[in-house]
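The structure appears below as structure tokens.
The values are calculated or read from the model by the stated rules, or taken from the named source; none is laboratory data. Because the structure is predicted, anything quoted here is derived from the model rather than measured. Neighbour counts are summed over all protein chains in view; Cβ atoms, including those assigned to glycine, are modelled from backbone coordinates with ideal geometry. Calculation scope for accessible area: heavy atoms of the full protein, side chains included, ligands and nucleic acids excluded. Shrake-Rupley method; radii C 1.70, N 1.55, O 1.52, S 1.80 Å.
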Amino acid sequence: MLAREAGDFYWMGRYIERTEQTARLLRHQLTGLVDTPADELALGWRVLYRTLGQSVPDTPEDADEAEAFLIADAYTLAGTLVEDETVPDSMISCWRAARANASQLRPQLPLRVWTCLNRGYLWIRDCDFPGAWKIRPVELVAEGIDRLRLLAGVVDAVMPRDDSWRFLELGRFVERFQHQTSLLDSWDRIGCAPKRQPALTWADLLRVCGAYELYCRRFTMTVHRGEVLDLMIRDPEVPRSLRFALYRIENLLVGIDPLGNRHPLAPPHRVALRLAAVLEADAGGPNSPGPGEGRESGLFERLAQDGQALHDRVMAAYVDYPVEEGLPT
């Protein structure tokens, strides 16, 4: 397929996944507005913004001042990530970018996929965020998640398993790998740093990732850091674990470039293989040390660097087509 079309499908998948990731973080944060202490809310906003790569909001140190600030400004903090078109990671910005990529692919994109994506964008473009905030703001982002899941179901049901679908899914899972790495790092370094009071709970991280019930069935109702990290890093059966995302990336790369999986490995395959080795060799376990106390201190930094390298190699190998290569000699 054309390199331009491959790039459009890849970025469409990334923006769709990024929209849902932002919505999932917001749903957790907005759910706790009513009964969560102000200092914990402030910490949650810091982790959320750092995960998305945005500047962290400054909140007063005094608990009473912080509570007054968050009650008055929670609307702005949430609205920035929902309806502010100047913020690259806001829901409306990502949805609009996915729609822009899809509009370039109309001949290759099934009509039902385009219709579902376009309806979702028109919904969030015309949504009444101030009105939703007065009633229950969490319902707005929850509906956004439902619409994105509907889109994923339509893609799964109607798209043929050709290179168009593979590049779309590759974008989704590369984005998921990078986002989950940033989320785990932020939660471990900031939200649950040693001797931090207040601190976020590891149970809440599992809820954000949709893995709390699975954790309780597999381990216990008492949540421990090491077991959570082991689950969210290495378990291949958890949809939002790093290993699950990497497993899908490896399979998609084999489908896109079968010869690249043979010696000598193509650069994207080589980086994916290196990431798999890092996950298996250095991931935490039930008795893993705390942040900065052992091998985990630099794990997330290395995963973040290799995740970015994977994206760069994919773009260089399949999307960035040098014009001079297409010219006659």
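Key figures
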item	result
Looking only at the range 80-92, and only at residues there that are open to solvent by 10 Å² or more (accessible area, probe 1.4 Å) and not hydrophobic (A, V, I, L, M, F, W, C), the one that is nearest to the chain's Cα centre (by Cα)	Asp89
Residues (over 17 Å from the mean Cα position of the chain (by Cα) and not charged (D, E, K, R)) located in the range 204-230	Tyr212, Leu214, Tyr215, Cys216, Phe219, Thr220, Met221, Thr222, Val223, His224, Gly226, Val228
Only one of Ala68, Ala74 that is modelled with pLDDT under 90, under 24 Å from the mean Cα position of the chain (by Cα) and open to solvent by less than 70 Å² (accessible area, probe 1.4 Å)	Ala74
Pairs, first free of Cβ contacts under 8 Å to residues at least 40 places away in the same chain in the range 227-245, second among the aromatic types (Phe, Trp, Tyr) and surrounded by fewer than 20 Cβ atoms within 10 Å (Cβ to Cβ), C-beta under 6 Å, six or more apart	Pro236/Tyr247
Matching residues in the range 251-266 - criterion: being open to solvent by 60 Å² or more (accessible area, probe 1.4 Å) and more than 22 Å from the chain's Cα centre (by Cα)	Pro258, Leu259, Asn261, Arg262, His263, Pro264
Selected residue [among the β-branched types (Val, Ile, Thr) and without any contact (Cβ under 8 Å) to a residue 40 or more places away in the chain] from Ile135, Ile124	Ile135
Of residues in the range 233-250 being out of contact with any Asp or Glu (no Cβ under 9 Å at 6 or more places or on another chain) and open to solvent by 40 Å² or more (accessible area, probe 1.4 Å), the one farthest from Trp187 (Cα to Cα)	Glu250
Members of the range 97-141 found to be outside any helix (DSSP H, G or I) and either among the hydrophobic types (A, V, I, L, M, F, W, C) or exposed (fewer than 12 other Cβ atoms within 10 Å of the Cβ) (or both), listed by number	Leu105, Arg106, Pro107, Leu109, Cys127, Asp128
